[in-house]
Amino acid sequence: MEHFLLNYWWIFVVVLCLVLYKFILRFLFGMVIVPEDKIGLVTKKFVLFGDNKELPDGRIIATQGEAGFQAKTLAPGLYFWKWVWQFEITMESFTIIPEGKIGLVLAKDGSEIPTGNILGRRVECDNFQDAELFLNNHGQRGRQTNYITAGSYRINTMLFQISITDMVRIHESMVGIVTTLDGQPIEAGQIAGRVVEGHNNFQNFDQFLENGGNRGLQPTVILAGSYNLNPWAVQVEETPMTEIPIGYVGVVISFIGQEGKDLTGSEFKHGNIVEKGFKGVWLEPFGPGKYPVNKYVMKVELVPTTNLVLNWATARSESHNLDKNLSTITVRSKDGFPFNLDVSQIIHVPTNEAPKVIARFGNMVNLVSQVLEPTIGNYFRNSAQDSDVIAFLSTRKERQDSAKEHIKKVLDEYNVNAVDTLIGDIVPPESLMKTLTDRKIAEEQKVTYETQKQAQETRQGMEKETAIADMQKDIVKAQQSVEIAERTANAAVKKAEGDAAGVKLAVNAEAEATKMRALAEAEATRARAKADSEAVKLKADAEAERISKTGSAEATKILAIGKSTAEAYELAVSALGGENFTRYKITEELAKGNIKLIPDVLIGGNGQQGSAMDGLLGLKLMEMMDPEKKDDKKVKPEKTVEAPKKPNEPKKE
């Protein structure tokens with residue numbers, strides 16, 4: 001074992017050197033190896049011949065070889081003569097800034113920041129990777145305006161402290177309102193700095209300062225997007241864009257800018273209206289759309305350009321809410337009754353008049369409260385005092401038209417168009433309303449009764465006409481019956497005249513009787529027809545007429561019979577002689593009484609010729625008085641002798 005150690009000792013030396021080569025090389029040659037992902041931070045422990053020995057007052061980083069923290073770092077690689085007893089080398093990782101982040105730089109050494117400034121100005125230093133150059137270019141200690149973006153950097157952390165923060169992101173339909181923390185003071189009388197160009201949305205803050213940017217609120221805003229903004233220099237408030245709905249315009253009131261020339265003229269004395277960009281109310285309003293308005297330096301008042309309805313009604317308001325403080329108007333009539341009424345006012349503000357309305361009132365709410373509310377309320381209160389409640393209700397339309405004209409004249413003076421004034425619900429006192437209701441009910445009942453009366457009269461007339469119409473059928477029928485009877489009578493007369501041609505006396509008498517009967521029947525039929533409209537009178541007249549005609553006919557008949565009988569008697573007297581005719585009439589009268597005075601056959605005689613003739617004469621007379629004897633040629637016993645039948649004398653049984 002000892003022999004082996006003596007022969008191969010050098011192998012242990014080689015292995016030891018391989019293990020401790022860095023220390024050996026560092027000790028012998030001052031060699032330092034900086035890895036590729038590191039940088040070497042150098043601290044000098046003491047100073048050799050010819051080097052500066054002390055740092056300037058207030059400095060902590062050496063740039064001229066002074067002892068202490070060295071500004072110059074060692075990049076990845078191999079270095080010699082960095083003796084371990086004189087230099088301390090600290091390996092530091094690269095500074096990495098992730099995506100979406102920025103690195104804020106705080107310098108621990110450098111020149112003093114001027115009084116009034118809070119941030120160190122930018123100097124050329126290769127993004128803070130050359131600390132020696134930073135200090136030689138008079139970089140200022142403290143927070144820096146400049147920053148480093150996403151990437152890897154060889155930063156001397158003994159001089160620079162890096163803080164990682166997020167980028168600023170402005171979302172869609174939003175706007176970023178900027179407030180700067182460094183720069184020149186804002187001018188007197190202004191609330192925001194002046195507009196500065198060329199700073200790339202405040203991302204180049206050094207350029208902003210060089211161009212004379214002011215600290216504080218900025219009139220310029222930033223829109224949607226991601227920005228590398230140094231939060232030590234710039235603060236951003238994200239707020240929604242100003243949206244002008246359809247049917248509205250936005251009147252711009254600018255709080256910054258120079259005093260502009262008034263464009264309204266001497267007639268308008270309620271404020272100045274200026275061109276765009278000046279302080280005051282802008283002449284040209286914004287139309288519907290979205291606008292990146294800085295709400296701290298200007299105000300946009302929405303003015304509806306469509307017809308706007310305002311309701312003076314409790315618990316009723318439109319979507320614009322301009323009438324949310326309006327309520328039902330309470331008025332008092334001339335007769336002392338208080339009552340309520342709802343009113344709706346329609347107005348329209350022209351687009352070119354909107355700036356004047358805002359210049360005069362400040363906003364639409366003030367227009368309603370300062371003009372419309374007192375004007376309309378007082379008008380209707382004054383109008384109600386000149387009338388009682390009943391008259392007010394009955395003249396509602398006239399009062400509405402009058403209110404429309406009055407309010408239109410008032411609003412024209414304020415650059416507002418009055419479209420229409422409408423009176424809504426009118427609520428009179430309950431007691432008075434009950435009186436009116438009772439009165440109206442009574443009037444309506446009266447009208448109802450009159451209507452019912454007229455209806456009954458109409459119904460009566462209708463029934464009368466209906467009865468007449470129904471009777472008309474009978475009248476027509478009666479008239480037709482009269483005509484038929486007349487024609488029937490005429491036919492009967494003609495027939496009677498034809499039948500009477502054989503026996504003139506009998507036919508004439510019978511025809512005359514038939515005619516009389518036909519006339520009587522015709523008159524009776526006509527009387528019955530007329531009796532349908534004048535029942536009793538016509539029937540009585542017809543009956544009287546019938547009796548009269550019947551009597552006349554009977555009298556005429558009796559007269560004709562009497563004449564015929566007289567003529568027959570004259571002929572009989574002439575033929576039989578006066579004495580025989582007398583006997584004949586006596587015998588006839590006895591026969592009428594059926595008195596049997598002699599046998600049926602008695603022929604007597606004493607051989608005298610007269611007696612025999614008298615018997616034959618008696619038989620002949622018996623045959624003449626009984627025509628039936630002629631038919632059966634028989635002589636019946638108990639048969640009386642009858643007188644000869646007179647013409648047209650009815651047969652007696």
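The values are calculated or read from the model by the stated rules, or taken from the named source; none is laboratory data. What you are looking at is a predicted structure, and each value in this text was computed from that prediction instead of being measured. Every residue, glycine as well, gets a Cβ built from its backbone with ideal geometry; the counts of neighbours run over all protein chains shown.
Side notes on the structure shown:
- Applying the condition of being of a type in the set (A, V, I, L, M) and in a strand (DSSP E or B) to segment 417-455 and asking which residue is surrounded by the most Cβ atoms within 10 Å (Cβ to Cβ) yields Ala418.
- Of note, Ser481 satisfies the criterion of being closer than 30 Å to Lys515 by Cα and either out of contact with any Cys (no Cβ under 8 Å at 6 or more places or on another chain) or surrounded by 10 or more Cβ atoms within 10 Å (Cβ to Cβ) (or both).
- Selection count where residues are more than 26 Å from Ile102 (Cα to Cα) and either free of Cβ contacts under 8 Å to residues at least 24 places away in the same chain or in contact with a helix residue (DSSP H, G or I) (Cβ under 9 Å, 6 or more places away or on another chain) (or both), scope segment 177-211: 2
- Looking only at residues in segment 84-119 that are surrounded by fewer than 16 Cβ atoms within 10 Å (Cβ to Cβ) and among the aromatic types (Phe, Trp, Tyr), the one that is farthest from Leu229 (Cα to Cα) is Trp85.
- Looking only at residues in segment 405-438 that are touching a strand residue (DSSP E or B) at 6+ places or on another chain (Cβ under 6 Å) and among the acidic types (Asp, Glu), the one that is nearest to His348 (Cα to Cα) is Asp420.
- Each residue in segment 331-351 was checked for being under 30 Å from Lys434 (Cβ atoms) and either modelled with pLDDT of 85 or more or in a strand (DSSP E or B) (or both), and 9 of them qualify.
- Complete set of residues in segment 107-117 that are within 18 Å of Phe205 (Cβ to Cβ) and outside any strand (DSSP E or B): Gly110, Ile113, Pro114, Gly116, Asn117
- Of all residues in segment 362-400 being within 17 Å of Leu308 (Cα to Cα) and of a type in the set (A, V, I, L, M, F, W, C), the one that is surrounded by the fewest Cβ atoms within 10 Å (Cβ to Cβ): Val365
- Contacts under 9 angstrom Cβ, first residue in segment 390-414 being over 21 Å from Met364 (Cβ atoms), partner in a helix (DSSP H, G or I) and among the aromatic types (Phe, Trp, Tyr), 6 or more apart: Arg399/Phe380; Arg399/Phe392; Ser402/Tyr379; Ala403/Tyr379; Ala403/Phe380; His406/Tyr379
- Among the residues of segment 35-58, the one identified as at pLDDT 85 or above, farther than 15 Å from Thr157 by Cβ and buried (at least 16 other Cβ atoms within 10 Å of the Cβ) is Lys44.
- Val349 being surrounded by 16 or more Cβ atoms within 10 Å (Cβ to Cβ) and either among the aromatic types (Phe, Trp, Tyr) or within 25 Å of Thr239 (Cβ to Cβ) (or both): no
- Subset of segment 330-360 [over 30 Å from the mean Cα position of the chain (by Cα) and free of Cβ contacts under 8 Å to residues at least 40 places away in the same chain]: Gly336, Asn352
- Test: residue in segment 358-367 that is over 19 Å from Pro428 (Cβ atoms) and either of a type in the set (Ser, Thr, Tyr) or not in a helix (DSSP H, G or I) (or both): yes
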